[in-house]
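The values are calculated or read from the model by the stated rules, or taken from the named source; none is laboratory data. Keep in mind it's a predicted model, so treat the numbers as computed, not measured. Positions of Cβ are backbone-derived with ideal geometry, glycine not excepted, and every protein chain shown enters the neighbour counts. All accessible areas refer to the heavy atoms of the entire protein, side chains included, with ligands and DNA or RNA removed. Shrake-Rupley method; radii C 1.70, N 1.55, O 1.52, S 1.80 Å.
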Amino acid sequence: MFLRFVSFVALQLVGGFAGWYAASYIYVTTSALVGVVAGVVLGGVGWFLIDLSRGVRLLRWLRVGDASDVAMRTGLWGEISDRARRLIRAREQLTRDSQNRLQDFLAALQASPNGVVLLDSEGRIEWFNQMAAAHFGFDAQRDMLQHFGNLVRDPGFAAYFSSHDYLSELVMPGRESTPARPVKLSVHLHPYGEGRLLLLSHDVTALEQAEAMRRDFVANVSHEIRTPLTVLGGFVETLQTLPLTDQERERYLALMAQQADRMQTLVSDLLTLSRLEGSPLPGALDWVSIPALMRQLEQDGRALSAVLHPSSDRLHKLEFSCLLDGEIAGSSIELLSAMSNLVNNAIRYTPSGGEIHVRALLLPDARAEFSVSDTGPGIAPEHIPRLTERFYRVDRSRSRDSGGTGLGLAIVKHVSQRHGAELKIESTPGKGSVFTVIFPASRVRSESPSSRQAAGIAVNG
Ligand code: ADP
(Lines give C-alpha, C1' and ligand atoms only; values in the text may rest on other atoms or scores of the structure.)
Protein backbone atom coordinates (compact mmCIF):
# COMPACT_ATOMS: atom_id res chain seq x y z
CA MET A 1 0.00 0.00 0.00
CA PHE A 2 2.87 2.29 0.95
CA LEU A 3 4.59 1.55 -2.38
CA ARG A 4 1.35 2.37 -4.22
CA PHE A 5 1.18 5.70 -2.44
CA VAL A 6 4.89 6.43 -3.07
CA SER A 7 4.58 5.49 -6.79
CA PHE A 8 1.41 7.62 -7.11
CA VAL A 9 3.10 10.67 -5.48
CA ALA A 10 6.34 10.06 -7.40
CA LEU A 11 4.52 9.99 -10.75
CA GLN A 12 2.71 13.22 -9.87
CA LEU A 13 6.01 14.85 -8.81
CA VAL A 14 7.61 13.79 -12.05
CA GLY A 15 4.53 15.10 -13.93
CA GLY A 16 4.61 18.39 -11.99
CA PHE A 17 8.35 18.78 -12.60
CA ALA A 18 7.91 17.99 -16.31
CA GLY A 19 5.01 20.52 -16.51
CA TRP A 20 7.07 23.22 -14.82
CA TYR A 21 10.04 22.46 -17.13
CA ALA A 22 7.86 22.55 -20.22
CA ALA A 23 6.13 25.84 -19.16
CA SER A 24 9.41 27.50 -18.26
CA TYR A 25 11.71 26.41 -21.12
CA ILE A 26 9.63 24.98 -24.00
CA TYR A 27 6.27 26.75 -24.03
CA VAL A 28 7.47 29.95 -22.38
CA THR A 29 4.16 31.77 -22.95
CA THR A 30 2.36 29.51 -20.41
CA SER A 31 2.55 30.28 -16.69
CA ALA A 32 4.76 27.88 -14.67
CA LEU A 33 1.90 27.09 -12.21
CA VAL A 34 -0.46 25.94 -14.97
CA GLY A 35 2.37 23.71 -16.27
CA VAL A 36 2.89 22.20 -12.79
CA VAL A 37 -0.85 21.55 -12.24
CA ALA A 38 -1.23 20.01 -15.71
CA GLY A 39 1.85 17.85 -15.11
CA VAL A 40 0.56 16.62 -11.72
CA VAL A 41 -2.86 15.75 -13.23
CA LEU A 42 -1.26 13.95 -16.18
CA GLY A 43 1.05 12.08 -13.73
CA GLY A 44 -2.04 10.98 -11.70
CA VAL A 45 -3.93 9.91 -14.83
CA GLY A 46 -0.84 7.99 -16.06
CA TRP A 47 -0.53 6.18 -12.75
CA PHE A 48 -4.22 5.32 -12.88
CA LEU A 49 -3.96 3.94 -16.42
CA ILE A 50 -0.94 1.82 -15.55
CA ASP A 51 -2.79 0.52 -12.45
CA LEU A 52 -5.93 -0.19 -14.51
CA SER A 53 -3.94 -2.13 -17.09
CA ARG A 54 -2.46 -4.30 -14.28
CA GLY A 55 -5.98 -4.86 -12.91
CA VAL A 56 -7.22 -5.86 -16.40
CA ARG A 57 -4.25 -8.28 -16.74
CA LEU A 58 -5.16 -9.88 -13.44
CA LEU A 59 -8.82 -10.19 -14.42
CA ARG A 60 -7.88 -11.86 -17.71
CA TRP A 61 -5.62 -14.31 -15.85
CA LEU A 62 -8.41 -15.05 -13.38
CA ARG A 63 -10.75 -15.83 -16.25
CA VAL A 64 -8.59 -18.09 -18.38
CA GLY A 65 -5.14 -18.08 -16.82
CA ASP A 66 -2.88 -20.94 -15.79
CA ALA A 67 -3.09 -21.49 -12.03
CA SER A 68 0.43 -22.89 -11.93
CA ASP A 69 1.79 -19.34 -12.50
CA VAL A 70 0.83 -15.86 -11.25
CA ALA A 71 -0.36 -12.99 -13.47
CA MET A 72 2.25 -10.63 -11.92
CA ARG A 73 4.52 -10.69 -8.94
CA THR A 74 4.77 -7.13 -7.60
CA GLY A 75 2.51 -4.63 -5.98
CA LEU A 76 -1.02 -4.91 -4.72
CA TRP A 77 -2.22 -6.66 -7.88
CA GLY A 78 0.72 -9.06 -7.58
CA GLU A 79 -0.30 -9.99 -4.04
CA ILE A 80 -3.97 -10.35 -5.08
CA SER A 81 -2.88 -12.57 -7.96
CA ASP A 82 -0.69 -14.70 -5.64
CA ARG A 83 -3.44 -15.11 -3.08
CA ALA A 84 -6.01 -15.93 -5.79
CA ARG A 85 -3.61 -18.54 -7.20
CA ARG A 86 -3.24 -20.13 -3.75
CA LEU A 87 -7.00 -20.20 -3.30
CA ILE A 88 -7.49 -21.76 -6.74
CA ARG A 89 -4.83 -24.38 -5.99
CA ALA A 90 -6.40 -25.21 -2.61
CA ARG A 91 -9.78 -25.54 -4.31
CA GLU A 92 -8.31 -27.77 -7.02
CA GLN A 93 -6.65 -29.96 -4.37
CA LEU A 94 -9.96 -30.17 -2.50
CA THR A 95 -11.77 -31.21 -5.69
CA ARG A 96 -9.09 -33.83 -6.42
CA ASP A 97 -9.36 -35.16 -2.83
CA SER A 98 -13.14 -35.38 -3.04
CA GLN A 99 -12.91 -37.11 -6.42
CA ASN A 100 -10.41 -39.62 -5.01
CA ARG A 101 -12.65 -40.20 -2.02
CA LEU A 102 -15.63 -40.70 -4.32
CA GLN A 103 -13.64 -43.19 -6.42
CA ASP A 104 -12.55 -45.07 -3.26
CA PHE A 105 -16.13 -45.10 -2.06
CA LEU A 106 -17.43 -46.42 -5.39
CA ALA A 107 -14.63 -49.01 -5.47
CA ALA A 108 -15.73 -50.16 -1.99
CA LEU A 109 -19.34 -50.41 -3.19
CA GLN A 110 -18.09 -52.24 -6.26
CA ALA A 111 -16.34 -54.77 -4.01
CA SER A 112 -19.48 -55.29 -1.95
CA PRO A 113 -20.84 -58.84 -2.06
CA ASN A 114 -24.30 -57.24 -2.28
CA GLY A 115 -25.79 -55.66 -5.34
CA VAL A 116 -25.90 -51.85 -4.88
CA VAL A 117 -28.04 -49.52 -7.02
CA LEU A 118 -28.35 -45.76 -6.46
CA LEU A 119 -31.70 -44.36 -7.60
CA ASP A 120 -32.63 -40.71 -7.99
CA SER A 121 -35.86 -39.24 -6.63
CA GLU A 122 -37.71 -40.45 -9.77
CA GLY A 123 -36.48 -44.02 -9.33
CA ARG A 124 -33.98 -43.72 -12.21
CA ILE A 125 -30.70 -45.60 -12.00
CA GLU A 126 -27.76 -43.30 -11.28
CA TRP A 127 -25.14 -45.94 -10.51
CA PHE A 128 -24.90 -49.69 -9.88
CA ASN A 129 -22.16 -52.14 -9.08
CA GLN A 130 -21.25 -55.33 -10.93
CA MET A 131 -23.11 -57.55 -8.49
CA ALA A 132 -26.32 -55.60 -9.14
CA ALA A 133 -25.62 -55.90 -12.88
CA ALA A 134 -25.38 -59.69 -12.42
CA HIS A 135 -28.52 -59.83 -10.25
CA PHE A 136 -30.72 -57.75 -12.58
CA GLY A 137 -28.93 -58.13 -15.93
CA PHE A 138 -28.09 -54.41 -16.20
CA ASP A 139 -25.74 -52.99 -18.78
CA ALA A 140 -23.62 -50.00 -17.71
CA GLN A 141 -23.93 -48.27 -21.12
CA ARG A 142 -27.55 -49.04 -21.85
CA ASP A 143 -29.34 -48.85 -18.54
CA MET A 144 -27.94 -45.76 -16.80
CA LEU A 145 -30.72 -43.26 -16.01
CA GLN A 146 -33.40 -45.80 -16.95
CA HIS A 147 -36.30 -46.24 -14.59
CA PHE A 148 -35.55 -49.23 -12.32
CA GLY A 149 -39.19 -50.39 -12.49
CA ASN A 150 -39.03 -50.49 -16.31
CA LEU A 151 -36.07 -52.84 -16.24
CA VAL A 152 -37.14 -55.07 -13.32
CA ARG A 153 -40.68 -56.01 -14.14
CA ASP A 154 -41.76 -57.94 -11.09
CA PRO A 155 -45.25 -57.21 -9.71
CA GLY A 156 -44.01 -57.82 -6.16
CA PHE A 157 -41.26 -55.25 -6.62
CA ALA A 158 -43.64 -52.74 -8.25
CA ALA A 159 -45.96 -53.00 -5.21
CA TYR A 160 -43.00 -52.74 -2.81
CA PHE A 161 -41.57 -49.71 -4.65
CA SER A 162 -44.84 -47.80 -4.70
CA SER A 163 -45.74 -48.68 -1.08
CA HIS A 164 -42.97 -46.38 0.24
CA ASP A 165 -42.76 -48.72 3.22
CA TYR A 166 -39.19 -49.91 3.09
CA LEU A 167 -38.77 -51.20 6.65
CA SER A 168 -38.50 -54.79 5.54
CA GLU A 169 -36.88 -56.45 2.55
CA LEU A 170 -38.62 -58.12 -0.36
CA VAL A 171 -37.77 -61.60 -1.64
CA MET A 172 -38.41 -61.84 -5.37
CA PRO A 173 -37.51 -64.28 -8.16
CA GLY A 174 -34.12 -63.67 -9.74
CA ARG A 175 -33.60 -62.95 -13.44
CA GLU A 176 -32.62 -66.52 -14.29
CA SER A 177 -35.18 -68.20 -12.08
CA THR A 178 -36.99 -71.20 -13.56
CA PRO A 179 -39.42 -73.57 -11.84
CA ALA A 180 -36.75 -76.28 -11.94
CA ARG A 181 -33.96 -74.01 -10.64
CA PRO A 182 -35.54 -71.22 -8.62
CA VAL A 183 -33.30 -68.23 -7.92
CA LYS A 184 -34.34 -65.92 -5.08
CA LEU A 185 -33.15 -62.35 -4.60
CA SER A 186 -33.61 -60.30 -1.48
CA VAL A 187 -34.12 -56.62 -2.32
CA HIS A 188 -34.15 -53.82 0.25
CA LEU A 189 -34.70 -50.11 -0.47
CA HIS A 190 -33.20 -47.50 1.88
CA PRO A 191 -34.22 -43.85 1.44
CA TYR A 192 -31.40 -41.28 1.71
CA GLY A 193 -30.69 -37.68 0.73
CA GLU A 194 -33.54 -35.80 -0.89
CA GLY A 195 -35.93 -38.51 -2.05
CA ARG A 196 -33.11 -40.74 -3.29
CA LEU A 197 -33.05 -44.49 -2.76
CA LEU A 198 -30.27 -46.96 -2.12
CA LEU A 199 -31.21 -50.44 -3.30
CA LEU A 200 -29.34 -53.42 -1.84
CA SER A 201 -29.81 -56.88 -3.31
CA HIS A 202 -28.39 -60.27 -2.44
CA ASP A 203 -28.86 -63.81 -3.63
CA VAL A 204 -30.76 -65.78 -0.99
CA THR A 205 -31.32 -68.92 -3.07
CA ALA A 206 -29.06 -71.04 -0.83
CA LEU A 207 -30.62 -69.57 2.32
CA GLU A 208 -34.13 -70.20 1.07
CA GLN A 209 -33.16 -73.73 0.07
CA ALA A 210 -31.62 -74.34 3.51
CA GLU A 211 -34.77 -72.99 5.13
CA ALA A 212 -36.96 -75.23 2.94
CA MET A 213 -34.72 -78.19 3.79
CA ARG A 214 -34.98 -77.39 7.49
CA ARG A 215 -38.77 -77.25 7.25
CA ASP A 216 -38.87 -80.53 5.32
CA PHE A 217 -36.52 -82.10 7.82
CA VAL A 218 -38.64 -81.12 10.83
CA ALA A 219 -41.78 -82.32 9.02
CA ASN A 220 -40.09 -85.62 8.13
CA VAL A 221 -38.77 -86.24 11.65
CA SER A 222 -42.17 -85.43 13.14
CA HIS A 223 -43.84 -87.77 10.69
CA GLU A 224 -41.33 -90.57 11.31
CA ILE A 225 -41.78 -90.30 15.08
CA ARG A 226 -45.52 -89.85 14.96
CA THR A 227 -46.15 -93.11 13.11
CA PRO A 228 -44.63 -95.47 15.73
CA LEU A 229 -45.99 -93.25 18.51
CA THR A 230 -49.53 -93.60 17.15
CA VAL A 231 -49.11 -97.36 16.94
CA LEU A 232 -47.69 -97.46 20.48
CA GLY A 233 -50.54 -95.30 21.79
CA GLY A 234 -53.06 -97.63 20.15
CA PHE A 235 -51.55 -100.68 21.82
CA VAL A 236 -51.41 -98.97 25.20
CA GLU A 237 -55.09 -98.11 24.90
CA THR A 238 -55.91 -101.69 23.90
CA LEU A 239 -53.97 -103.04 26.87
CA GLN A 240 -55.72 -100.62 29.20
CA THR A 241 -59.27 -101.13 27.98
CA LEU A 242 -59.62 -104.67 26.66
CA PRO A 243 -59.52 -107.84 28.74
CA LEU A 244 -56.71 -109.78 27.00
CA THR A 245 -55.38 -113.27 27.38
CA ASP A 246 -51.73 -113.67 28.41
CA GLN A 247 -50.87 -114.72 24.89
CA GLU A 248 -52.47 -111.64 23.34
CA ARG A 249 -50.81 -109.42 25.91
CA GLU A 250 -47.42 -110.97 25.01
CA ARG A 251 -48.01 -110.37 21.33
CA TYR A 252 -49.00 -106.75 21.85
CA LEU A 253 -46.02 -106.10 24.08
CA ALA A 254 -43.70 -107.57 21.43
CA LEU A 255 -45.24 -105.28 18.79
CA MET A 256 -44.85 -102.31 21.15
CA ALA A 257 -41.20 -103.19 21.71
CA GLN A 258 -40.76 -103.27 17.92
CA GLN A 259 -42.16 -99.74 17.58
CA ALA A 260 -40.01 -98.49 20.46
CA ASP A 261 -36.96 -100.04 18.73
CA ARG A 262 -37.90 -98.24 15.55
CA MET A 263 -38.01 -94.89 17.33
CA GLN A 264 -34.73 -95.69 19.04
CA THR A 265 -33.05 -96.45 15.70
CA LEU A 266 -34.43 -93.23 14.24
CA VAL A 267 -33.19 -91.12 17.16
CA SER A 268 -29.81 -92.83 17.07
CA ASP A 269 -29.47 -92.19 13.28
CA LEU A 270 -30.48 -88.56 13.81
CA LEU A 271 -27.87 -88.19 16.54
CA THR A 272 -25.23 -89.78 14.31
CA LEU A 273 -26.05 -87.29 11.54
CA SER A 274 -25.98 -84.31 13.87
CA ARG A 275 -22.65 -85.50 15.33
CA LEU A 276 -21.25 -85.84 11.81
CA GLU A 277 -22.33 -82.31 10.96
CA GLY A 278 -21.17 -80.72 14.16
CA SER A 279 -17.85 -82.44 14.91
CA PRO A 280 -14.42 -81.56 13.51
CA LEU A 281 -13.20 -83.57 10.53
CA PRO A 282 -11.68 -86.96 11.41
CA GLY A 283 -7.94 -86.67 11.92
CA ALA A 284 -5.51 -87.89 9.29
CA LEU A 285 -3.31 -89.46 11.97
CA ASP A 286 -5.77 -91.94 13.51
CA TRP A 287 -5.33 -95.21 11.65
CA VAL A 288 -8.14 -97.77 11.44
CA SER A 289 -7.25 -101.37 10.60
CA ILE A 290 -9.09 -102.53 7.49
CA PRO A 291 -9.07 -106.28 8.32
CA ALA A 292 -10.44 -105.52 11.81
CA LEU A 293 -13.16 -103.34 10.27
CA MET A 294 -14.06 -106.13 7.84
CA ARG A 295 -14.18 -108.71 10.65
CA GLN A 296 -16.61 -106.52 12.60
CA LEU A 297 -18.76 -105.97 9.49
CA GLU A 298 -18.88 -109.70 8.84
CA GLN A 299 -19.83 -110.53 12.42
CA ASP A 300 -22.65 -107.91 12.49
CA GLY A 301 -23.83 -108.75 8.97
CA ARG A 302 -24.15 -112.47 9.64
CA ALA A 303 -26.00 -111.74 12.89
CA LEU A 304 -28.48 -109.45 11.10
CA SER A 305 -29.06 -111.96 8.33
CA ALA A 306 -29.74 -114.65 10.94
CA VAL A 307 -32.24 -112.40 12.74
CA LEU A 308 -34.06 -111.53 9.50
CA HIS A 309 -34.12 -115.10 8.27
CA PRO A 310 -34.18 -117.41 11.28
CA SER A 311 -34.48 -120.66 9.31
CA SER A 312 -30.97 -121.62 8.19
CA ASP A 313 -32.00 -122.81 4.70
CA ARG A 314 -33.17 -119.29 3.76
CA LEU A 315 -29.99 -117.47 4.84
CA HIS A 316 -28.20 -115.09 2.47
CA LYS A 317 -25.02 -116.19 0.80
CA LEU A 318 -22.63 -113.72 2.44
CA GLU A 319 -19.05 -113.30 1.27
CA PHE A 320 -16.49 -110.96 2.86
CA SER A 321 -13.13 -110.51 1.09
CA CYS A 322 -10.46 -108.30 2.56
CA LEU A 323 -7.79 -108.01 -0.14
CA LEU A 324 -6.06 -105.14 1.57
CA ASP A 325 -3.99 -105.58 4.70
CA GLY A 326 -3.67 -101.95 5.61
CA GLU A 327 -5.17 -99.00 7.40
CA ILE A 328 -7.34 -96.01 6.65
CA ALA A 329 -6.82 -92.65 8.33
CA GLY A 330 -10.05 -91.58 9.98
CA SER A 331 -12.61 -92.30 12.63
CA SER A 332 -13.26 -96.00 13.30
CA ILE A 333 -16.76 -95.28 14.65
CA GLU A 334 -17.74 -93.30 11.57
CA LEU A 335 -16.23 -95.81 9.14
CA LEU A 336 -17.94 -98.74 10.86
CA SER A 337 -21.23 -96.84 10.92
CA ALA A 338 -21.05 -96.04 7.17
CA MET A 339 -19.93 -99.48 6.05
CA SER A 340 -22.43 -101.32 8.24
CA ASN A 341 -25.22 -99.15 6.82
CA LEU A 342 -24.27 -100.41 3.34
CA VAL A 343 -24.01 -104.02 4.49
CA ASN A 344 -27.29 -103.80 6.45
CA ASN A 345 -29.10 -102.31 3.44
CA ALA A 346 -27.84 -105.11 1.21
CA ILE A 347 -29.03 -107.70 3.75
CA ARG A 348 -32.37 -105.98 4.40
CA TYR A 349 -33.29 -105.40 0.77
CA THR A 350 -31.98 -108.65 -0.73
CA PRO A 351 -34.53 -111.45 -0.53
CA SER A 352 -33.55 -114.64 1.29
CA GLY A 353 -31.17 -116.86 -0.60
CA GLY A 354 -29.67 -113.82 -2.41
CA GLU A 355 -25.95 -113.16 -2.60
CA ILE A 356 -24.07 -110.34 -0.89
CA HIS A 357 -20.40 -109.68 -1.47
CA VAL A 358 -18.45 -107.21 0.68
CA ARG A 359 -14.94 -106.45 -0.52
CA ALA A 360 -11.99 -104.24 0.46
CA LEU A 361 -9.15 -103.88 -2.02
CA LEU A 362 -6.26 -101.64 -3.00
CA LEU A 363 -6.60 -99.97 -6.42
CA PRO A 364 -3.55 -99.66 -8.72
CA ASP A 365 -3.33 -95.92 -7.93
CA ALA A 366 -3.04 -96.69 -4.17
CA ARG A 367 -6.63 -95.72 -3.34
CA ALA A 368 -8.67 -98.11 -1.22
CA GLU A 369 -12.04 -99.40 -2.38
CA PHE A 370 -14.83 -100.81 -0.24
CA SER A 371 -17.72 -102.28 -2.15
CA VAL A 372 -20.96 -103.97 -1.17
CA SER A 373 -22.77 -105.76 -3.99
CA ASP A 374 -26.02 -107.66 -3.77
CA THR A 375 -28.44 -109.57 -5.95
CA GLY A 376 -31.43 -107.70 -4.50
CA PRO A 377 -34.24 -105.84 -6.27
CA GLY A 378 -31.96 -103.08 -7.60
CA ILE A 379 -32.89 -99.41 -7.89
CA ALA A 380 -34.33 -97.59 -10.94
CA PRO A 381 -31.89 -94.99 -12.36
CA GLU A 382 -34.15 -92.01 -11.59
CA HIS A 383 -33.91 -92.68 -7.86
CA ILE A 384 -30.12 -93.05 -7.69
CA PRO A 385 -29.17 -89.32 -7.55
CA ARG A 386 -31.58 -88.78 -4.63
CA LEU A 387 -30.76 -91.84 -2.52
CA THR A 388 -28.42 -89.96 -0.18
CA GLU A 389 -31.05 -87.32 0.68
CA ARG A 390 -32.40 -87.63 4.18
CA PHE A 391 -35.58 -89.69 4.39
CA TYR A 392 -35.54 -90.45 0.68
CA ARG A 393 -36.83 -93.96 0.07
CA VAL A 394 -37.55 -95.80 -3.14
CA ASP A 395 -40.22 -97.89 -1.50
CA ARG A 396 -41.47 -96.43 1.78
CA SER A 397 -43.30 -99.45 3.09
CA ARG A 398 -40.45 -101.84 2.26
CA SER A 399 -37.97 -99.55 4.01
CA ARG A 400 -40.14 -99.28 7.13
CA ASP A 401 -40.99 -102.99 7.19
CA SER A 402 -37.30 -103.81 7.18
CA GLY A 403 -36.60 -101.32 9.98
CA GLY A 404 -35.19 -98.54 7.76
CA THR A 405 -35.12 -94.90 8.81
CA GLY A 406 -34.32 -93.37 5.42
CA LEU A 407 -31.14 -91.90 6.92
CA GLY A 408 -28.64 -94.70 6.26
CA LEU A 409 -27.26 -93.50 2.94
CA ALA A 410 -27.23 -89.87 4.15
CA ILE A 411 -24.89 -91.07 6.92
CA VAL A 412 -22.76 -92.96 4.36
CA LYS A 413 -22.48 -89.85 2.20
CA HIS A 414 -21.48 -87.66 5.15
CA VAL A 415 -18.86 -90.09 6.41
CA SER A 416 -17.46 -90.47 2.89
CA GLN A 417 -17.19 -86.72 2.43
CA ARG A 418 -15.55 -86.28 5.82
CA HIS A 419 -12.89 -88.82 4.81
CA GLY A 420 -12.38 -87.31 1.35
CA ALA A 421 -13.90 -90.48 -0.14
CA GLU A 422 -16.19 -90.88 -3.13
CA LEU A 423 -19.48 -92.80 -2.96
CA LYS A 424 -20.60 -94.53 -6.15
CA ILE A 425 -23.95 -96.27 -6.61
CA GLU A 426 -24.57 -98.61 -9.52
CA SER A 427 -27.74 -100.62 -9.81
CA THR A 428 -29.80 -102.59 -12.30
CA PRO A 429 -33.46 -103.10 -11.40
CA GLY A 430 -34.18 -106.78 -10.93
CA LYS A 431 -30.51 -107.72 -10.80
CA GLY A 432 -28.92 -106.00 -7.84
CA SER A 433 -26.86 -103.04 -6.64
CA VAL A 434 -23.24 -102.16 -5.98
CA PHE A 435 -22.36 -99.45 -3.45
CA THR A 436 -18.68 -98.44 -3.58
CA VAL A 437 -16.71 -96.09 -1.33
CA ILE A 438 -13.25 -95.12 -2.63
CA PHE A 439 -10.78 -93.57 -0.17
CA PRO A 440 -8.00 -91.30 -1.45
CA ALA A 441 -4.44 -92.65 -1.47
CA SER A 442 -3.45 -90.01 1.09
CA ARG A 443 -5.65 -91.74 3.68
CA VAL A 444 -4.49 -95.27 2.91
CA ARG A 445 -1.53 -97.12 4.41
CA SER A 446 -1.03 -100.63 3.06
CA GLU A 447 1.32 -103.61 3.38
CA SER A 448 2.97 -105.16 0.33
CA PRO A 449 0.63 -106.69 -2.30
CA SER A 450 1.64 -110.23 -1.32
CA SER A 451 0.37 -109.73 2.21
CA ARG A 452 -2.97 -108.60 0.84
CA GLN A 453 -3.89 -112.06 -0.29
CA ALA A 454 -2.93 -113.35 3.14
CA ALA A 455 -5.18 -110.80 4.77
CA GLY A 456 -8.05 -111.90 2.52
CA ILE A 457 -7.53 -115.48 3.51
CA ALA A 458 -7.37 -114.58 7.18
CA VAL A 459 -10.68 -112.77 7.11
CA ASN A 460 -12.50 -115.21 4.90
CA GLY A 461 -11.24 -118.17 6.80
P1 ADP B 1 -33.44 -96.90 4.61
O2 ADP B 1 -33.30 -96.78 6.07
O3 ADP B 1 -34.80 -96.67 4.11
O4 ADP B 1 -32.80 -98.13 4.08
P5 ADP B 1 -31.26 -95.59 3.30
O6 ADP B 1 -30.87 -94.18 3.27
O7 ADP B 1 -30.28 -96.56 3.83
O8 ADP B 1 -32.63 -95.65 4.04
O9 ADP B 1 -31.59 -96.02 1.82
C10 ADP B 1 -32.42 -95.19 1.06
C11 ADP B 1 -33.24 -96.01 0.08
O12 ADP B 1 -32.37 -96.60 -0.89
C13 ADP B 1 -33.93 -97.18 0.73
O14 ADP B 1 -35.18 -96.80 1.23
C15 ADP B 1 -34.06 -98.18 -0.40
O16 ADP B 1 -35.21 -97.90 -1.12
C17 ADP B 1 -32.85 -97.88 -1.27
N18 ADP B 1 -31.76 -98.84 -1.06
C19 ADP B 1 -30.68 -98.69 -0.27
N20 ADP B 1 -29.86 -99.75 -0.34
C21 ADP B 1 -30.44 -100.60 -1.21
C22 ADP B 1 -30.10 -101.88 -1.73
N23 ADP B 1 -28.96 -102.50 -1.37
N24 ADP B 1 -30.93 -102.45 -2.63
C25 ADP B 1 -32.06 -101.85 -3.01
N26 ADP B 1 -32.45 -100.63 -2.55
C27 ADP B 1 -31.67 -100.02 -1.67
Fraction of accessible area attributable to carbon and sulfur, the stretch 113-203 (%, probe 1.4 Å): 53 percent
Pairwise label distance in nanometres, ILE26 with LEU315, each label 7 Å out on the Cα-Cβ vector: 14.6 nm
Label-point separation, ILE88 to LYS424 (7 Å along Cα→Cβ), nm: 7.9 nm
Spin-label zone in the stretch 192-210 - amide nitrogen under 15 Å from a point set 7 Å from the Cα of GLU176 along the C-beta vector: 203-206
Histogram of C-alpha separations across the stretch 280-461, 5 Å bin width, %: 1, 8, 17, 21, 20, 16, 10, 5, 1, 0
Extension gain from GLU248 to SER352, taking 0.36 nm per residue of separation minus the Cα-Cα distance: 34.5 nm
Top positive-direction residue, dipole computed over the chain with Cβ charges, set LEU336, LEU273, GLY156: GLY156
Set of the stretch 386-414 residues, backbone N closer than 18 Å to the point 7 Å along the Cα-Cβ line of GLN258: 396-406
Most to least packed among 60-69, 429-438 [average Cβ atoms within 10 Å]: 429-438, 60-69
For the stretch 1-104, radius of gyration divided by Kirkwood radius, i.e. Rg to Rh on alpha-carbons: 1.33
Spatial separation of Cα centroids for the stretch 102-123 and the stretch 358-412, in angstrom: 50 Å
Alpha carbon Rg of the chain, scaled by the compact-globule rule 2.2 N^0.38 Å: 2.04
Under the Karplus curve 6.51 cos²θ - 1.76 cosθ + 1.60, θ = phi - 60°, whole-Hz ³J(HN,Hα) for the stretch 248-264, x wherever Gly or Pro sits: 4, 4, 4, 5, 5, 5, 5, 5, 5, 4, 4, 5, 5, 4, 4, 5, 4
Two-site FRET efficiency, HIS188 against THR238, from Cβ-Cβ distance with R₀ of 60 Å, rounded to 0.05: 0.55
Cβ-Cβ FRET estimate between SER163 and ALA133, R0 fixed at 30 Å, reported to 0.05: 0.70
Relative compactness, the stretch 201-338, computed as alpha-carbon Rg over 2.2 N^0.38 Å: 1.52
Kirkwood Rh in Å, taken over the stretch 208-279 so that all alpha-carbon pairs contribute: 14.3 Å
Listed peptides 290-297, 85-92, 225-232 by packing density, highest first (mean Cβ within 10 Å): 290-297, 225-232, 85-92
Considering only the stretch 280-461, percent of DSSP beta bridges that pair antiparallel, nearest 5: 80 percent
Ordering of 98-109, 300-311, 416-427 by burial proxy (mean other Cβ atoms within 10 Å per residue, highest first): 416-427, 300-311, 98-109
Solvent exposure of the chain as accessible area per residue, Å², 1.4 Å probe: 59 Å²
